[in-house]
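Taking it in order: structure first as structure tokens, then the write-up.
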Amino acid sequence: MNPSSVIARRYLFSKKKITLISVLTGISIAGVTVGTAMLIVVLSVFNGFFELVKNMMMAQDPDIRIESAEGRVLYLGDERVQELSDMPEIELISPYVTGKALVALNRGGYKVATVKGVEPETFSRMFELETNFRGRGFDLSVKDGRPGMLMSRPMMSRLGLDIDSEAVLLSAESIQRSLVQFSGPRMFRFDVRGSYRPAEKQDASIIYVDKQAAQRVFNIRNAISGIDVMLADHRQADIVKAKLETLLGDEVQVRTWYDLHKAQYDVMNLEKWGAYVVLMIIVLVAVLNIVGSLTMITIQKTRDIAMLRSIGFTPKDVRNVFLKQGLFIGIIGCGLGGGIGLLLTWLQHEFGLVRLFGAESFIIDAYPVAFVATDLILVLAGSLILCLLASVYPAARAASVDIADALRYE
């Protein structure tokens, strides 16, 4: 073993003449341990909430959404659509048509809603939607001369509708044409085939119809509003986005699942790293004790340092002895803190030790946690660096000890 490492370990862990040095060393290790464990647990909780919100959003949002960059209508030829389907990273594509419309009832009254025309087969495979169809599957096809409609349960309740009720859609374009042509607006009659339960933070005013029916409502035959894309691995969204932008050009806008709710995700990341900086202050306070304990060791071991210099140790060797003491404190504190933090994270994940206040009104009953390896590396690296920085001053002081002055009265 390197002589400087042996001496550093002996200086750090041997019995001290001054008890205060041992106390300060113990406080330093305990502080680094507690700070590291807290950082791991807190960052894991932030990761857990991030994953929870992301899963809630992605249940209703695609991995990637392709829309027109110049208007609300997207024109893509069959050849381009086929190129998208053939990309190995893409598992499924779902073209859609969307727009605002009025939902009118036969007995009077109306409600503004967002109408989204989808391909039922691909849509039901791509999105997690809790639906209820009376005696049918996900069926929005034309039956008895009327296409089907899927409406949220809250909207059906407000409008006094039930499954198999009739509703009429009037698009803004249809109303505008009627004003110009001095004729009544064209109305499109639908059967309410089923209902769905909107997820948390999902717009309950969305009405789903067949894509071709929506094209007729909004008068955009042979065109779509956009394409939702499901990837084999949503973590490759940024890579696939770059490929799609190169393939489709500037006429389209490509957004990933992160881009669709970027503001919310950015705020959550800001909160996470803000907590990281604040909790690092705990570790910083702990490592300040390293300065005190190593400085006192330097004073106590002045004669030993001079003797080491006299037998051939260079100032650099002496400096390394005290730097390694700081490193040993960091390794012990980070090792203990990392183990405790990972254990607490695992216990929370498996048993939900810390419960959420008022959890009966929320979708989870305990704080969610998610372990991310890069966070662990960042926490341990940050703590070790602070421990090394704290030992720089004592190491420099030890390296500057004058041999003659130290041994003059010995």
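If you take the residues in segment 64-95 that are in contact with a strand residue (DSSP E or B) (Cβ under 6 Å, 6 or more places away or on another chain) and in a loop (DSSP other than H, G, I, E, B), which one is farthest from K211 (Cα to Cα)? This residue is E89. Checked against (1) part of a loop (DSSP other than H, G, I, E, B); (2) buried (at least 17 other Cβ atoms within 10 Å of the Cβ), N222 passes all but condition (2). Per the conditions (1) closer than 22 Å to D233 by Cβ; (2) among the hydrophobic types (A, V, I, L, M, F, W, C); (3) at pLDDT below 90, the sole criterion not satisfied by L84 is (3).
Looking at segment 119-136, which of the residues that are over 34 Å from the mean Cα position of the chain (by Cα) and either of a type in the set (K, R) or closer than 14 Å to D210 by Cα (or both) is surrounded by the fewest Cβ atoms within 10 Å (Cβ to Cβ)? Here the residue is R134.
Taking into account only those residues within segment 191-219 that are modelled with pLDDT of 90 or more, within 27 Å of A69 (Cβ to Cβ) and not in a helix (DSSP H, G or I), which is nearest to the chain's Cα centre (by Cα)? Residue satisfying both the conditions and the ranking: I206.
Against the criterion of being out of contact with any His (no Cβ under 6 Å at 6 or more places or on another chain), free of Cβ contacts under 8 Å to residues at least 12 places away in the same chain and part of a helix (DSSP H, G or I), I299 qualifies. In summary, S310 fulfils each of the numbered conditions (1) of a type outside the set (V, I, T); (2) within 30 Å of S44 (Cβ to Cβ); (3) at pLDDT below 90 with the single exception of condition (2). Selection of first residues in segment 235-259 that are free of Cβ contacts under 8 Å to residues at least 40 places away in the same chain and buried (at least 16 other Cβ atoms within 10 Å of the Cβ) and of second residues that are polar (S, T, N, Q) and part of a helix (DSSP H, G or I), restricted to Cβ pairs under 6 Å at least 6 apart or on distinct chains, gives an empty result. Counting the residues of segment 367-379 that are outside any loop (DSSP other than H, G, I, E, B), surrounded by fewer than 21 Cβ atoms within 10 Å (Cβ to Cβ) and not hydroxyl-bearing (S, T, Y) gives 5. Consider segment 113-145 and keep the residues that are in contact with a helix residue (DSSP H, G or I) (Cβ under 9 Å, 6 or more places away or on another chain), among the β-branched types (V, I, T) and not in a loop (DSSP other than H, G, I, E, B). The one that is nearest to F190 (Cα to Cα) is V115. Do we find that K116 is within 33 Å of the chain's Cα centre (by Cα), of a type outside the set (A, V, I, L, M, F, W, C), modelled with pLDDT of 85 or more and not assigned by TED's automatic domain parsing to the domain that holds T314 in this structure? In short, yes.
The set of residues in segment 9-55 being surrounded by 22 or more Cβ atoms within 10 Å (Cβ to Cβ), in contact with a Phe, Trp or Tyr (Cβ under 7 Å, 6 or more places away or on another chain) and either outside the structural domain of I305 (by TED's automatic domain parsing) or modelled with pLDDT under 85 (or both) consists of L12 alone. Across segment 291-332, the qualifying residues are those that are surrounded by fewer than 17 Cβ atoms within 10 Å (Cβ to Cβ) and touching a Ser or Thr at 6+ places or on another chain (Cβ under 8 Å), and the one among them that is farthest from G382 (Cα to Cα) is P315.
The values are calculated or read from the model by the stated rules, or taken from the named source; none is laboratory data. Model, not experiment: these values are computed from the prediction. Heads up, the Cβs are rebuilt from the backbone with ideal geometry, glycines too, and the neighbour counts pull from every protein chain shown.
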